[in-house]
Amino acid sequence: MAQVSMTVNGRAASAEIEGRTLLSTFLRETLHLTGTHVGCDTSQCGACVVHVNGEAVKSCTMLASEADGAEVATIEGQANADGSLNVIQQAFQDHHGLQCGFCTPGMVMSAAALLKENPKPSEAEVRAYLEGNICRCTGYHNIVKAIMAASGQDVSALAAE
Amino acid sequence: MSAGAPLPHDAAHLHVTGAARYIDDIPVPANCLHLAFGLSQSAAGRITDMDLARVRQADGVVAVMTAADLPFANDVSPAAHDEPLLATGQVHYVGQPVFLVIARSHHAARRAARLGKITIAEETPILTLAEALAANSRFEDGPRIYTKGNAAAAIDKAAHKISGTLHLGGQEHFYLEGQAALVFPQENGDMHVHSSTQHPTEIQHKVADAIGRPMHAVRVESRRMGGGFGGKESQGNALAVACAVAANLTGRACKMRYDRDDDMIITGKRHDFEIQYTAGVAPDGRIAGLQFTHLVRCGWAMDLSLPVADRAMLHADNAYHLTDVEITSHRLKTNTQSATAYRGFGGPQGMIGIERVMDHIAANLGLDPLAVRRVNYYQQGAGQTTPYGQIVEDFILDEMTDTLTVSCDFAARKAQVEDWNRNHPTLKKGLALTPVKFGISFTLSHLNQAGALVHVYQDGSVHLNHGGTEMGQGLFQKVAQVAATCFGLPLQQIKITATDTGKVPNTSATAASSGSDLNGMAVKAACETIKTRIAEHLGAVHGAAADSVVFDGGRVIAGAHSLTFAEAAASAYQARISLSATGFYKTPKLAWDRIKGTGRPFFYFAYGVAATEVVIDTLTGENRILRADILHDAGQSLNPALDIGQIEGGYVQGAGWLTTEELVWDARGRLLTHAPSTYKIPACGDRPKVFNVALWDGQNREDTIFRSKAVGEPPFMLGISAYSALCQAVQACGPTFADLRAPATPEAVLAAVMRTQAGQG
Ligand code: FES
Ligand code: FES
């Protein structure tokens, strides 16, 4: 057993856990932050993406103890302070960037990391960045569109809605 | 009016904030137990010994069950009672559940499950279609054969004879949320089941049988699935039943979720096919006679294979009028996962057969592939019948094809592609247009029914429930739009609630694209009942005729009086009028004999056309989709935004099936592609660079819910245009027909290119 402490969505969180506990398990089972989804358990689908010290990571591929002392951000902490959707969340809703929604938290977290790095990405850059996030439902078109729109770019030319 | 509005998915705000709950997110008591299966490592054989001592002693294990420990039905099959929850003496595929571990954590259960020692006297497995056919290993006593006219005679007389074989792979569903179930035991041995399922009633039925209780002792709830695609029509049974027997044994809540590898190894997939064809063809490309033989790999248990194979036969014509045709279908039994429902339910396999024939005709006769297709199209208004005798009443593909060829500039781009191919020896392009005509209704006619339950509360808020399940397709939102439209209320006043066998009983699976057709009508019926009661009441009070009372804009207008809907509800309540109603719907006009293969299995057809442009690298076989243009018929759409989402997602999934998604088993029957590392579903960079999707502007000629059409499955088959385009790109490499297998992986494309170049098509 090991003691881990971290800041999650701005709040202190600490617990006694088995050394092998994954960050995704810690978030979901210890902190009950179930918005971080597990789609593949093996670092391939991106449903579990969170931010650790501002960087996007797949939380199923990191031990909770590796995040000891870190600032962790999950989907549950993304909304604005007054509870309204942030610009990326709002764009996913408005541009239909989701169907079953299982990939959505990971997509939103990846998108946030991308836009921090590159506030006005091209469509190709969005696509390249999302290679690690799988969506089985949407065919990606509306996800890409949502992210472009969230970056303040005109998406009317991106065909079908 | 809410119906027809392009509103976002009802749970969008929950999804983007991480607040939407899936099975694994539901809070559980601290003593909840977790389950895992121990799996067979052999494809066929007899269990001679099972040593589970180390499993029982493992950390965190509470109990271990085998078939002998199951007190009641050991069966999770949807129909044929041939699929035990836990193997009984014999194993039938690699990955078959043999024992069940009940432990304090998910990981403890999975770790312990690996410690079992199962000794099996191995037998030679039957893995391939050829092996199964040779051994006469099949379901049903012989092949099913549907005929119309005399195919053999027509082929004999025809100017040209063309035959070939298409090898067509299966497909893993890869719903992003794996299979999962959670069971809370109740007083008196009752069970409350949460399941990620498309078919709550079947879960209820199987769980009741497994605990030896009537169906009324089991309540199944399903709020949403993280994707289904047919993979959660029957494949969730095992998890729910396992949780229920474990909860019965321990008295504690039990949860089971497959991790991704287990999910892919245990559960069934799309049926792979071999399609043999012989066509007699007139000089203009018209098909005079056609014979198909479908070899269908069903896996070890029957599951839904018979209706899947039937539907493949029912789509062997696709959009083309066949006067003399014979379709033979062998449903073969193999020692592999039991193949199951998958979006299109056999339709895609049937349809690609004839699309392949069209391309083969064009290649051999030197005709334009689109011209060959069009000369074979059904003729609108000519009273032509399908091979199974249903009249094609509303054939709109001529107009749709005209519209799409103009909007995507087909002719000019075709010329450019040909020009490119003349000038580029290494990269070859293909551009193909393929149509879709897909029959809507369950072919098992009694399944075409649905129920709904609607409550109006005294404050005018509405509680909505129906038998359909939500898997991301937006069914709940569409049906809520129906209810809001009926009551003339804003959508916010309608509460969408989880599918629940305690509210609406005896439901059909949400499948066959029928969700909004059936449940929308049932909800409408329930709403109309309540409206009539309110109207009669207000009419009497205010001296107006009941049928003159209007529900609109959140108000109810009776004669000179205008009330808010809430005031109307309160008034009805005060007058002791029931504000709760059930609704029921059954699809009309159906009459189908599946043994003879004649009748009207479908209420109507949904149509679509897609044009896809691809490029291949003839040195490596690598390929890309460059552009896709789609025109799809959703009737008068209930929600154009959700429908377009289904079309985009369906096309990409269909194209994935035929290009990157390859399932590989080794010689011992082990699935080698059991994770996304080796099984490649389309990623964000794979989809077409240019992707134009439009809805056909037209109403359903049949009286469906607000004249809409079903849209879940039909767009999947638009992906066939990508395969056809790849065939045409390969065709540009040499003189003979491009014999390209599906999926058209780089390996397959390269092999086809080399054969074509060598003139060995
Ligand atoms: S669960 Fe972490 S990448 Fe799939
Ligand atoms: S919306 Fe279902 S996986 Fe993306």
Could you say which residue among B:Thr336, B:Thr323 is in contact with a strand residue (DSSP E or B) (Cβ under 6 Å, 6 or more places away or on another chain), modelled with pLDDT of 95 or more and either surrounded by fewer than 24 Cβ atoms within 10 Å (Cβ to Cβ) or polar (S, T, N, Q) (or both)? B:Thr336
Looking at B:Ala5, B:Ala58, B:Ala44, which one is aliphatic (A, V, I, L, M), touching a Phe, Trp or Tyr at 6+ places or on another chain (Cβ under 9 Å) and either over 17 Å from B:Gln90 (Cα atoms) or in contact (Cβ under 8 Å) with a residue 60 or more places away in the chain (or both)? B:Ala44
When you go through (1) modelled with pLDDT of 95 or more; (2) within 21 Å of B:Val690 (Cα to Cα); (3) more than 16 Å from ligand 1 (Cβ to nearest atom); (4) surrounded by fewer than 24 Cβ atoms within 10 Å (Cβ to Cβ) one by one for A:Tyr129, which number turns out not to apply? (3)
Kindly evaluate B:Leu249 against the criterion of being under 21 Å from the mean Cα position of the chain (by Cα), away from ligand 2 (no atom under 16 Å from the Cβ) and either modelled with pLDDT of 95 or more or within 21 Å of B:Pro84 (Cα to Cα) (or both). no
Name the residues in segment B:91-123 that are β-branched (Val, Ile, Thr) and under 33 Å from the mean Cα position of the chain (by Cα), would you? B:Val91, B:Val94, B:Val98, B:Val101, B:Ile102
Inside segment A:133-161, can you point out the residues that are in contact with a strand residue (DSSP E or B) (Cβ under 8 Å, 6 or more places away or on another chain) and more than 13 Å from ligand 2 (Cβ to nearest atom)? A:Ala159, A:Ala160
Considering residues of segment A:29-43 that are more than 16 Å from ligand 2 (Cβ to nearest atom) and closer than 15 Å to A:Asn9 by Cβ only, the residue nearest to the other protein chains (Cβ to nearest Cβ): A:Thr34
Matching residues in segment A:133-146 - criterion: being at the interface with chain B (Cβ under 10 Å from one of its Cβ atoms) and assigned to a helix (DSSP H, G or I): A:His141, A:Asn142, A:Ile143, A:Val144, A:Ala146
Within the group B:Gly226, B:Gly236, which residue is within 16 Å of ligand 1 (Cβ to nearest atom) and either of a type in the set (A, V, I, L, M) or buried (at least 24 other Cβ atoms within 10 Å of the Cβ) (or both)? B:Gly226
On the basis of being in contact with a helix residue (DSSP H, G or I) (Cβ under 9 Å, 6 or more places away or on another chain), touching a residue at least 24 places away in the same chain (Cβ under 8 Å), farther than 16 Å from B:Ser329 by Cα and surrounded by fewer than 18 Cβ atoms within 10 Å (Cβ to Cβ), does B:Lys161 make the cut? yes
Any residue at all in segment B:21-36 that is crowded, with 21+ Cβ neighbours inside 10 Å, touching a Ser or Thr at 6+ places or on another chain (Cβ under 7 Å), β-branched (Val, Ile, Thr) and without any contact (Cβ under 8 Å) to a residue 12 or more places away in the chain? no
Just name the residue that is nearest to the other protein chains (Cβ to nearest Cβ) out of those in segment B:1-46 that are in a strand (DSSP E or B) and not hydrophobic (A, V, I, L, M, F, W, C). B:His34
Only one of these conditions is not met by A:His95: (1) free of Cβ contacts under 8 Å to residues at least 40 places away in the same chain; (2) outside the structural domain of A:Phe26 (by TED's automatic domain parsing). Which number is it? (1)
Sort out which residues of segment B:174-189 are over 14 Å from B:Asp24 (Cβ atoms) and more than 16 Å from ligand 1 (Cβ to nearest atom), and write them in order of number. B:Phe184, B:Pro185, B:Gln186, B:Glu187, B:Asn188, B:Gly189
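Residues are listed down the side, and each one gets a yes or a no for (1) in contact with a Gly (Cβ under 9 Å, 6 or more places away or on another chain); (2) not in a loop (DSSP other than H, G, I, E, B):
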{"residue": "B:Arg56", "(1), (2)": "no, yes"}
{"residue": "B:Ala68", "(1), (2)": "no, yes"}
{"residue": "B:Ala73", "(1), (2)": "yes, no"}
{"residue": "B:Ala87", "(1), (2)": "no, no"}
Run down A:Ala79, A:Ala47, A:Ala67 and say which single residue is closer than 23 Å to A:Val126 by Cα and away from ligand 2 (no atom under 15 Å from the Cβ). A:Ala79
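The values are calculated or read from the model by the stated rules, or taken from the named source; none is laboratory data. Everything numeric in this text was worked out from a predicted model, so none of it was measured. Cβ coordinates were reconstructed from backbone atoms using ideal geometry, including for glycine residues, and neighbour counts include every protein chain displayed.
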